[in-house]
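Written below as structure tokens is the structure these notes are about.
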Amino acid sequence: MSVKRNVVLLFLGIALLLSCSDKQDFGQYDDLTITPTFETSIFYVKTQESIINRVTGISFFSQDFNFDAFEEDIFAERVLEGSITYELENTTSKDIEITIEFLNENGDVLDSEFFQMDPAPAALLTRIVSYGGTDKNLDILRNTSQIRLSARNLGDNTSTSSLPDPAIELRSSAKFTVRVK
């Protein structure tokens with residue numbers, strides 16, 4: 001009886017295994033889409049009001065930043081969409097304007113962003129600029145090799161804010177969705 005019992009258990013075990021397992025579809029990999037989102041800082045600039053007061057003339061800051069984000073074709077060709085977030089804070093007594101220009105390798109301006117901000121107390125200014133889809137063309141960023149940042153003091157060179165550590169701060173970050181597969 002134990003042999004008969006073992007045979008019955010064996011058949012039950014095989015039937016159980018066959019009924020609980022699905023046929024595996026290894027072709028699912030072909031249907032898989034991987035699109036992670038990458039986020040990075042672009043630049044951070046802070047200028048104290050005391051430095052602005054020492055600069056003669058209106059322009060107190062101008063600098064070109066190297067922008068190699070799309071230097072590798074594998075990344076440039078796979079970017080689906082993205083955005084750049086700018087945050088501007090002014091705790092000085094100055095009326096300011098900031099221009100950000102996206103330049104190609106020949107120095108031609110592909111796009112620009114313009115900010116004007118009143119003296120303190122002013123709220124934090126946040127702007128999100130989207131690229132891809134129905135927004136700005138992704139080719140602007142794909143062809144950018146430098147970013148030029150210029151800041152101008154539209155006020156005087158003598159006043160000082162009563163706030164602690166008065167300064168102008170500009171922060172920017174980028175977020176891109178990339179098709180990996």
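The values are calculated or read from the model by the stated rules, or taken from the named source; none is laboratory data. In this text the structure is predicted, and so the values were computed from the model without any measurement. Cβ placement follows ideal geometry from the backbone for every residue including glycine, while neighbour counts extend to all protein chains displayed.
Numbers below:
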{"quantity": "Any hit, segment 163-180, residues being charged (D, E, K, R), touching a Lys or Arg at 6+ places or on another chain (Cβ under 6 Å) and at pLDDT below 90", "calculated": "yes"}
{"quantity": "Of residues in segment 29-50 being at pLDDT 90 or above and not aromatic (F, W, Y), the one farthest from T160 (Cα to Cα)", "calculated": "V45"}
{"quantity": "Members of segment 156-178 that are within 19 Å of D68 (Cα to Cα), out of contact with any helix residue (DSSP H, G or I) (no Cβ under 8 Å at 6 or more places or on another chain) and of a type outside the set (S, T, N, Q)", "calculated": "R171, A174, K175, F176"}
{"quantity": "Hits in segment 66-123 - residues which are touching a Ser or Thr at 6+ places or on another chain (Cβ under 7 Å) and acidic (D, E)", "calculated": "E81, E87, E101, E105"}
{"quantity": "Pair list, Cβ < 8 Å and 6+ apart or interchain, from segment 51-77 residues that are surrounded by 11 or more Cβ atoms within 10 Å (Cβ to Cβ) to residues that are in a helix (DSSP H, G or I)", "calculated": "F60/I51; F60/I52; A69/F75; A69/L141; F70/A76; F70/L141; F70/R142; A76/R142"}
{"quantity": "Filtered residue count, segment 160-181, keeping only those that are of a type in the set (G, A, S) and either exposed (fewer than 14 other Cβ atoms within 10 Å of the Cβ) or within 14 Å of the chain's Cα centre (by Cα) (or both)", "calculated": "4"}
{"quantity": "Among the candidates E89, E72, E113, residue that is charged (D, E, K, R), touching a Leu at 6+ places or on another chain (Cβ under 7 Å) and under 19 Å from S41 (Cα atoms)", "calculated": "E89"}
{"quantity": "Segment 67-117, subset assigned to a strand (DSSP E or B) and of a type in the set (D, E, K, R), residue farthest from I140 (Cα to Cα)", "calculated": "E89"}
{"quantity": "Considering residues of segment 127-151 that are assigned to a strand (DSSP E or B) and either among the β-branched types (V, I, T) or at pLDDT below 90 (or both) only, the residue surrounded by the fewest Cβ atoms within 10 Å (Cβ to Cβ)", "calculated": "I128"}
{"quantity": "Residue list for segment 136-155, filter: out of contact with any Ser or Thr (no Cβ under 8 Å at 6 or more places or on another chain) and either among the charged types (D, E, K, R) or closer than 18 Å to A69 by Cβ (or both)", "calculated": "N137, L138, D139, I140, L141, R142, N143, T144, S145, Q146, I147"}
